[in-house]
1. Give me a count of the residues in the stretch 19-38 that are crowded, with 16+ Cβ neighbours inside 10 Å and charged (D, E, K, R).
2. Please go through the stretch 34-81 and pick out each residue that is among the polar types (S, T, N, Q), within 13 Å of the chain's Cα centre (by Cα) and within 15 Å of I17 (Cβ to Cβ).
3. Take the residues in the stretch 80-90 that are buried (at least 17 other Cβ atoms within 10 Å of the Cβ) and out of contact with any strand residue (DSSP E or B) (no Cβ under 6 Å at 6 or more places or on another chain), then tell me which one is farthest from S28 (Cα to Cα).
4. Given (1) more than 23 Å from D34 (Cα to Cα); (2) more than 14 Å from the chain's Cα centre (by Cα), where does I94 come up short, assuming only one miss?
5. Between G11, G48, which is of a type in the set (G, A, S) and surrounded by 18 or more Cβ atoms within 10 Å (Cβ to Cβ)?
6. Within the stretch 103-122, is even one residue hydrophobic (A, V, I, L, M, F, W, C) and over 19 Å from V8 (Cβ atoms)?
Amino acid sequence: MLVQDILVKKGTVIYQIDPNATVYEAISEMYEKDVSALLVIRDNHLKGIISDKDYRNKVVLKGRTSRETLVSDIMTSSLVTVNSRESLETCMQIMTEKKIRHLPVIDEGKLSGIISIGDIVKAIIDHQKIEINDLKSYISGSYPG
């Protein structure tokens, strides 16, 4: 299974925020969209990512205020990205090693989407369900030949 398989099902909608927005605006946007991270984009260029983890570690635990802190002050700017032809196994390995939960997808220099660890787990579970059903059909003799 590949990243593109997830993007086909999930879609390529990218939730984003400007680096000059406040963290409060970012957290509000995450809440509204029911996501745990936003890509930070300025002038159509990917600048970083901000997640609920960044908020917890760099605002709450540091005693900052979300209404006065800018996204650019706490975003992660050293991004790890993948392309849509990357295997889900490789993505899981990257996420585990780097201790990250989101991977922007870049194809030919262009942002094509973002995947999360949750997206990967869901795709693997869905794939396993199909394989199990196929095996059950094969064993019972009802598998199309």
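A short reminder: the numbers here are calculations on the coordinates, not readings from a lab. Since we're looking at a predicted model, the values are computed, not measured. FYI the Cβ positions are ideal-geometry reconstructions off the backbone, even for glycines, and counts take in every protein chain you see.
1. Residues flagged as crowded, with 16+ Cβ neighbours inside 10 Å and charged (D, E, K, R) within the stretch 19-38 amount to 2.
2. Filtering the stretch 34-81 for residues among the polar types (S, T, N, Q) gives 36, 44, 51, 57, 65-66, 69, 72, 76-78, 81.
After this cut, where a residue has to be within 13 Å of the chain's Cα centre (by Cα) as well, the list is 36, 51, 81.
Scanning the stretch 34-81 gives S36, S51.
3. As a first pass, look at the stretch 80-90 and keep what is buried (at least 17 other Cβ atoms within 10 Å of the Cβ): 82, 84, 86, 88.
Narrowing further to those that are out of contact with any strand residue (DSSP E or B) (no Cβ under 6 Å at 6 or more places or on another chain): 86, 88.
On the way: E86: 32, L88: 30 Å.
This residue is E86.
4. I94 satisfies all of (1) more than 23 Å from D34 (Cα to Cα); (2) more than 14 Å from the chain's Cα centre (by Cα) except (2).
5. Working: G11 fails: surrounded by 18 or more Cβ atoms within 10 Å (Cβ to Cβ).
One residue alone meets the criteria, G48.
6. Of the residues in the stretch 103-122, the ones hydrophobic (A, V, I, L, M, F, W, C) are 103, 105-106, 111, 114-115, 117, 120-121.
With over 19 Å from V8 (Cβ atoms) added as a condition, the list becomes none.
No, there is no match, as no residue in the stretch 103-122 is hydrophobic (A, V, I, L, M, F, W, C) and over 19 Å from V8 (Cβ atoms).
Matching residues to (1) over 22 Å from Q4 (Cβ atoms); (2) loosely packed, with under 15 Cβ neighbours inside 10 Å; (3) not charged (D, E, K, R):
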site	(1), (2), (3)
K53	yes, no, no
V59	yes, no, yes
V105	no, no, yes
I117	no, no, yes
S142	yes, yes, yes
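Residues are listed down the side, and each one gets a yes or a no for (1) under 29 Å from I130 (Cβ atoms); (2) acidic (D, E); (3) out of contact with any Ser or Thr (no Cβ under 7 Å at 6 or more places or on another chain):
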residue: V23; (1), (2), (3): no, no, no
residue: I41; (1), (2), (3): no, no, yes
residue: K62; (1), (2), (3): no, no, yes
residue: T65; (1), (2), (3): no, no, yes
residue: S72; (1), (2), (3): no, no, yes
residue: Q93; (1), (2), (3): yes, no, yes
residue: R101; (1), (2), (3): yes, no, no
residue: E108; (1), (2), (3): no, yes, yes
